[in-house]
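Only one structure is covered here, and it is reproduced in the block below.
Rule-based calculations on the coordinates, nothing more; no lab input. In this text, all values refer to a predicted model and were calculated from it rather than measured experimentally. No Cβ is skipped: glycine too gets one built from the backbone with ideal geometry, and neighbour counts run over all protein chains shown.
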Amino acid sequence: MQLRYNVRLYPTPGQRQALARAFGCARVVFNDGLRARQDTREQGLPYICDGDLSKQVITEAKTTPQRAWLGDVSSVVLQQALADLNTAYRNFFTSVTGRRKGSKVGPPRFRSKRDNRQAIRFTKNARFSITAGGKLRLPKIGDVDVRWSRDLPAEPSSVTVIKDSAGRYFASFVVEVAEQPLPPVEPEAGIDLGLSAFAVLSDGRKIDAPRFLRRAEKKLKKLQRALSRKEKGSNNRAKARQGVARQHAKVADARREFHHQLSTRLIRDNQAIYVEDLAVAGLARTRLAKSVHDAGWSAFVGMLEYKARLYGRAFHRINRWFPSSKLCSECGTVAGTMPLDVRSWTCPCGAVHDRDVNAAKNILAAGRADRLNACGGQVRPPHQVAQPEEAGSLRGAA
């Protein structure tokens, strides 16, 4: 399987200028290709194929005075920018025709130099390399200083250089890694994700929600107020914007670190993980939107999924319509309506349930049942032979 490894880059001032030049050239090629295809569509001409578009906006454009500076950067960067455009068009076409699952994808849009995130990609054809001193050698940019947190497990197939909204530079390596199965263990876990507690496990453990954004709101409010007072277009406003972006980056980094540590611990300690398939996009449009975004459920579940595959664990999603909170884990009775303010309830069978712990137990049971069915177990009870004394019905009777 393919994994991404991100490391921090510290380019020199000259290398930052070279990277800015590469970001700009990649953006221009992308926009030129998009404009060319839009013009041909408006004129009723056939769709420009990928090869002809590359020849028009890269090869021939370099020979013109208006685009002669495209030759100052690696040609692989320009080709990869055009590959991104082609991928965006394919995603749009498959979405329009209904062949793409998930939410609808819109047509490609023009890129701006004021975008918060700038990125370029180098493949093996660009002959990037990691030097003996641990620096990243990029064509027409030079040897960039890298802060390695760990060694790459294999030779990377590509590297993406990213500049985020806080002005930080990163290198994202794509590496092909083999699965690394962990020793088998007995426990299995059902996980109920929430807001009061970030995760509740089927064994009754509750993991508190860190609420990184909520804790940083006071400082963010102060920085945002200072930003609003700065004159638009001034250097002071640019500095204030950087301060806000850095604070948001700290929040995102802390949340990502929490997700990684928790997901790794759960995968290491459990043979199988079962979670509920939450409608995060829908919940993000409610009055709980800020808390839902602060929790980052989708990113956490994604980490659980790929780590389970990497380390040989089982992972399964439970249908979002499964009544995990209203179903009694003791007798199977489904309660009536249960508002969010009801945190505990008593079943007619006498069992007293904590809402979240009961949901986690039901998720575990449902996940085990689905996993058994997927492995060849019987989905329905076997047919029984009717006995002579049983009542029957005439064929065609209503």
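A Stokes-Einstein calculation at 4 °C with viscosity 1.567 mPa s, built on the Kirkwood radius of segment 263-383 over Cα pairs, returns a diffusion coefficient of 80 µm²/s. Between the Cα long axis of helix 235-269 and the first principal axis of the chain there is an angle of about 40°, rounded to the nearest 10. Here's the picture: charge each Lys and Arg Cβ at +1 and each Asp and Glu Cβ at -1 in segment 2-176, and of 159, 91, 19 the one pushed furthest to the positive end of that dipole is 91.
Here segment 2-176 is treated with +1 on each Lys and Arg Cβ and -1 on each Asp and Glu Cβ, and its dipole about the Cα centre works out to around 480 debye.
3J(HN,Hα) along segment 357-363, derived from phi through the Karplus expression 6.51 cos²θ - 1.76 cosθ + 1.60 where θ = phi - 60°, amounts to 5, 4, 5, 5, 5, 5, 5 Hz, with x in place of Gly and Pro. For the chain, modelled as a GNM whose springs connect Cα atoms under 10 angstrom apart, the maximal fluctuation among 311, 89, 274 occurs at 89. By DSSP, the beta bridges lying fully in segment 181-281 are antiparallel in about 60 percent of cases.
Can you give the charge dipole size of the chain about its Cα centre, rounded to the nearest 20 debye, using +1 on the beta carbon of Lys and Arg and -1 on the beta carbon of Asp and Glu? List each step's numbers first, then the result.
Values: 69 positive and 37 negative charges, 515 e Å.
Once rounded to the nearest 20, the dipole reads 2480 debye.
Taking every Cα-Cα distance in segment 296-345 and sorting them into 10 Å bins from zero, the calculated P(r) comes out as 20, 34, 29, 17, 0 percent. Using only Cα atoms, find the angle between the long axis of helix 212-228 and the longest principal axis of the chain, and express it within 0 to 90 degrees, rounded to the nearest 10. It works out to around 30 degrees. Label positions at residue 1 and residue 261, each projected 7 Å from the Cα along the C-beta direction, are separated by 2.3 nm.
The length gained on full extension between residue 110 and residue 182, counted as 0.36 nm times the residue separation minus their Cα-Cα distance, comes to 21.4 nm. Taking all Cα-Cα distances within segment 2-176, those exceeding 28 Å account for 29%. For segment 100-168 versus segment 183-257, the inter-centroid distance based on Cα atoms is 24 Å. Take the Kirkwood radius over Cα pairs of segment 88-165, plug it into Stokes-Einstein at 20 °C and 1.002 mPa s, and you get 136 µm²/s for translational diffusion.
What percent antiparallel are the DSSP beta bridges of the chain, to the nearest 5? Don't skip to the end; give the middle numbers.
Values: 38 of 47 bridges.
Here the antiparallel bridges make up roughly 80 percent for the chain.
Antiparallel as a % of all DSSP beta bridges within segment 188-374, to the nearest 5? List each step's numbers first, then the result.
Numbers: 10 of 19 bridges.
DSSP beta bridges in segment 188-374 are roughly 55 percent antiparallel.
Nearest 20 debye, what's the magnitude of the dipole of segment 188-374 about its Cα centre given +1 on Lys and Arg Cβ and -1 on Asp and Glu Cβ? Intermediate values should be presented prior to the final figure.
Details: 36 positive and 18 negative charges, 346 e Å.
My answer is approximately 1660 debye.
Couplings for segment 81-97, taken from phi via the Karplus curve 6.51 cos²θ - 1.76 cosθ + 1.60 with θ = phi - 60°, read 5, 5, 5, 5, 5, 5, 5, 5, 5, 4, 4, 5, 5, 5, 6, 5, 7 Hz in order; Gly and Pro are left as x. Along the chain, the exposed loop sites are GluC sites (Glu not before Pro) outside DSSP states H, G, I, E and B with at most 12 other Cβ atoms within 10 Å, and the longest stretch free of them is 232-388. Comparing 194, 134, 233 in a Gaussian network model of the chain, where Cα atoms under 10 Å apart are tied by springs, the biggest mean-square fluctuation is seen for 233. Helix 297-310 and the long axis of the chain differ in direction by around 90°, with both axes built from C-alpha atoms.
Taken as Cα centroids, segment 327-377 and segment 1-47 sit 50 Å apart, rounded to the nearest whole angstrom. A compact globular protein would have a Cα radius of gyration near 2.2 N^0.38 Å; the ratio found for the chain is 1.27.
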